[in-house]
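Contents: one structure, followed by commentary.
The values are calculated or read from the model by the stated rules, or taken from the named source; none is laboratory data. What you are looking at is a predicted structure, and each value in this text was computed from that prediction instead of being measured. Backbone-built Cβ (ideal geometry, glycine too); neighbour counts: all protein chains shown.
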Amino acid sequence: MQIIKNIEEIQALREKMEGSVGFVPTMGALHQGHLTLIQRARTENDRVVVSIFVNPTQFLPGEDLDKYPRREEADRKICELAGVDVLFMPDIETMYHGDEVKLKAPAYLGYVLEGNRRPGHFDGVVQVVMKLFNIVQPTRAYFGKKDAQQLRILQKMVEDFFMPLEIVPVDTVREEDGLALSSRNIYLKPEERKRALSISRSLKRASRLIMAGETDADAIEMAMKDIMKEIDVEYIAIVDRDFRPLRKVEIKKTIILVAARVGATRLIDNIWI
Ligand code: PAF
């Protein structure tokens, strides 16, 4: 595995790569969820590139940029073992130049739900992912469905800018007890982790209700709230694939999303119906 820190080197390497290139952009602190993205990229492409860059522009003032978990050594080993060909680990000065041309997330999709709670977050995501795509020029890029809104915005970016690559959505990976994997789970104290399980339990409940024939969004939301009584729910949203609210659940067209705080940790999760 080659570890590259600067743009010229990775671009030179990319030029020499033959066949398809699968790309997994990450912010490090790699877990089984990232590994699943890497494995999928490995099976579908001739070469695999992973980037690790904790992108400052997607963190709001007061968010956890400084204490975002950084585990360079462990991350390198994981990538090596997973058969990654190139690990791109730029520093901030390599990626950003000061007063820059700026991209903006779509006015609706970028500013509802997560975008409403974290205004400007998705602007930072599109800014950095556009840069990464331009540097790596992947054939396919892999993103987890857990960050459903990010995934949809990046699909839109690729469509809107006619970019020649495929975005591949990958199912959320869960612990055995249902907790969706996230780099932020390490912040949870044991008692908080137990309470956090109510998020995935509420989503399971929603899915069971729907399988039993319930379509009313309010009824589903009420049942979910009931399960998450012991955590601080920020939102439950029942939306279509473009994040427009739905009053009635439609099979193969609906996403149910939850954001909640458990102690000081903010968690998100969802299911695709
Ligand atoms: O999902 C993430 O880890 C980040 O938002 C991403 C896509 C790597 C951009 O910094």
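Selection of the range 154-172 for residues being more than 15 Å from L103 (Cβ to Cβ), more than 15 Å from the ligand (Cβ to nearest atom) and not acidic (D, E) yields only P164. Per this entry, D218 is not counted among residues that are of a type outside the set (F, W, Y) and not in a helix (DSSP H, G or I).
Any idea which of L37, L13 is in a helix (DSSP H, G or I), in contact (Cβ under 8 Å) with a residue 24 or more places away in the chain and touching a Phe, Trp or Tyr at 6+ places or on another chain (Cβ under 6 Å)? Of L37, L13, the one residue that is in a helix (DSSP H, G or I), in contact (Cβ under 8 Å) with a residue 24 or more places away in the chain and touching a Phe, Trp or Tyr at 6+ places or on another chain (Cβ under 6 Å) is L37.
All of (1) surrounded by 15 or more Cβ atoms within 10 Å (Cβ to Cβ); (2) modelled with pLDDT of 95 or more; (3) at positive phi hold for G19 with one exception: (1). For the residues K146, K131, the requirement of being touching a residue at least 60 places away in the same chain (Cβ under 8 Å), surrounded by fewer than 23 Cβ atoms within 10 Å (Cβ to Cβ) and within 13 Å of the ligand (Cβ to nearest atom) singles out K146.
Among the residues of the range 115-127, are any over 14 Å from the mean Cα position of the chain (by Cα) and of a type in the set (F, W, Y)? Taking every residue of the range 115-127 in turn, none turns out to be over 14 Å from the mean Cα position of the chain (by Cα) and of a type in the set (F, W, Y).
Against the numbered list (1) touching a Lys or Arg at 6+ places or on another chain (Cβ under 7 Å); (2) free of Cβ contacts under 8 Å to residues at least 60 places away in the same chain; (3) within 10 Å of the ligand (Cβ to nearest atom), P106 comes up short only at (3). In the range 173-222, of all residues being of a type in the set (V, I, T) and either within 16 Å of the ligand (Cβ to nearest atom) or over 29 Å from Q39 (Cβ atoms) (or both), the one that is surrounded by the most Cβ atoms within 10 Å (Cβ to Cβ) corresponds to I220. For A29, only one of the following conditions fails: (1) at pLDDT 95 or above; (2) assigned to a loop (DSSP other than H, G, I, E, B); (3) of a type in the set (G, A, S). What is its number? Against the list (1) at pLDDT 95 or above; (2) assigned to a loop (DSSP other than H, G, I, E, B); (3) of a type in the set (G, A, S), A29 comes up short only on (1).
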